[in-house]
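Engineer: First, the structure itself, so that you have it in front of you.
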Amino acid sequence: MWRCVFAMLAVLACASGAGPECVVAAQSIEEAEFSYERGDYTQAARLFSPLAEQGVASAQFYLGLMYEKGRGVRQDHSTALTWFRKAAAQGYAGPQNNLGLMYERGRGVRKDVVRALMWYTVAAAMLTGDEGETAMKRRDHLTSQMTAAQIEEAQELARRCQQSQFKECN
């Protein structure tokens, strides 16, 4: 499913006026996703890296996943966090949800339940289906362990993040 979503996002980005290089990027992202799905993570990392550096959010998300899990690259939660942040800043809910996990568990960053709840809230507002339900469950579970002041702070941060179109989230 993610493969189709990311391919469609690449096509939509291209439709916004980019040139022939966008067609190459769309083909490259499909090739990278195919490598990832068949378990050739080293090849996928090699293909995703230049796309991520060029600002392709889906490539940034995949690289984040790969660094988080150590697939095709050395596991590095700080690097995963960097890639998730870049993709999340472009409005992608998957990496926003992953940022919630990173903050909740203290992976690559100091544990921060307020930031975790902020990211879960932002992601839950955008995700649908099973992914949306999972984000809402994580959000609800986390709020059961927080004070009212922490929840209020997280909600304010989420509101600011959303209103700024993801430019003021960190």
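The values are calculated or read from the model by the stated rules, or taken from the named source; none is laboratory data. Being a predicted model, the structure only gives us computed values, none of them experimental. Every residue, glycine as well, gets a Cβ built from its backbone with ideal geometry; the counts of neighbours run over all protein chains shown.
Engineer: I need the full set of residues from segment 89-120 which are closer than 22 Å to residue 152 by Cα, under 8 Å from the mean Cα position of the chain (by Cα) and either among the aliphatic types (A, V, I, L, M) or part of a loop (DSSP other than H, G, I, E, B) (or both), in order please.
Structural biologist: Across segment 89-120, the qualifying residues are 93, 99.
Engineer: Examine segment 35-55 for a residue that is in a loop (DSSP other than H, G, I, E, B), hydrophobic (A, V, I, L, M, F, W, C) and either assigned by TED's automatic domain parsing to the domain that holds residue 109 or under 17 Å from the mean Cα position of the chain (by Cα) (or both), and state whether such a residue exists.
Structural biologist: For segment 35-55, residues in a loop (DSSP other than H, G, I, E, B), hydrophobic (A, V, I, L, M, F, W, C) and either assigned by TED's automatic domain parsing to the domain that holds residue 109 or under 17 Å from the mean Cα position of the chain (by Cα) (or both): absent.
Engineer: Tell me the residue from 167, 111 that is among the basic types (Lys, Arg) and free of Cβ contacts under 8 Å to residues at least 40 places away in the same chain, please.
Structural biologist: Result of the check over 167, 111: 111.
Engineer: Looking only at segment 129-164, which residues are farther than 17 Å from residue 104 by Cα and either in contact (Cβ under 8 Å) with a residue 24 or more places away in the chain or surrounded by 13 or more Cβ atoms within 10 Å (Cβ to Cβ) (or both)?
Structural biologist: Selection gives 131, 132, 159, 160, 161, 162.
Engineer: Tell me, yes or no, whether segment 76-85 has at least one residue that is touching a Lys or Arg at 6+ places or on another chain (Cβ under 7 Å), modelled with pLDDT of 95 or more and surrounded by fewer than 24 Cβ atoms within 10 Å (Cβ to Cβ).
Structural biologist: Yes, there is a match, as at least one residue in segment 76-85 is touching a Lys or Arg at 6+ places or on another chain (Cβ under 7 Å), modelled with pLDDT of 95 or more and surrounded by fewer than 24 Cβ atoms within 10 Å (Cβ to Cβ).
Engineer: Would you be able to say whether some residue in segment 139-149 is assigned to a loop (DSSP other than H, G, I, E, B) and either within 15 Å of residue 170 (Cβ to Cβ) or of a type in the set (A, V, I, L, M, F, W, C) (or both)?
Structural biologist: The answer is yes, given that some residue of segment 139-149 is assigned to a loop (DSSP other than H, G, I, E, B) and either within 15 Å of residue 170 (Cβ to Cβ) or of a type in the set (A, V, I, L, M, F, W, C) (or both).
Engineer: Please verify whether segment 121-138 includes one or more residues that are over 22 Å from residue 60 (Cβ atoms), modelled with pLDDT of 95 or more and not assigned by TED's automatic domain parsing to the domain that holds residue 81.
Structural biologist: no
Engineer: Another question about this same structure. Check residue 71 against each of (1) touching a helix residue (DSSP H, G or I) at 6+ places or on another chain (Cβ under 6 Å); (2) part of a loop (DSSP other than H, G, I, E, B); (3) free of Cβ contacts under 8 Å to residues at least 24 places away in the same chain and name the one condition it does not meet.
Structural biologist: The failed condition is (3).
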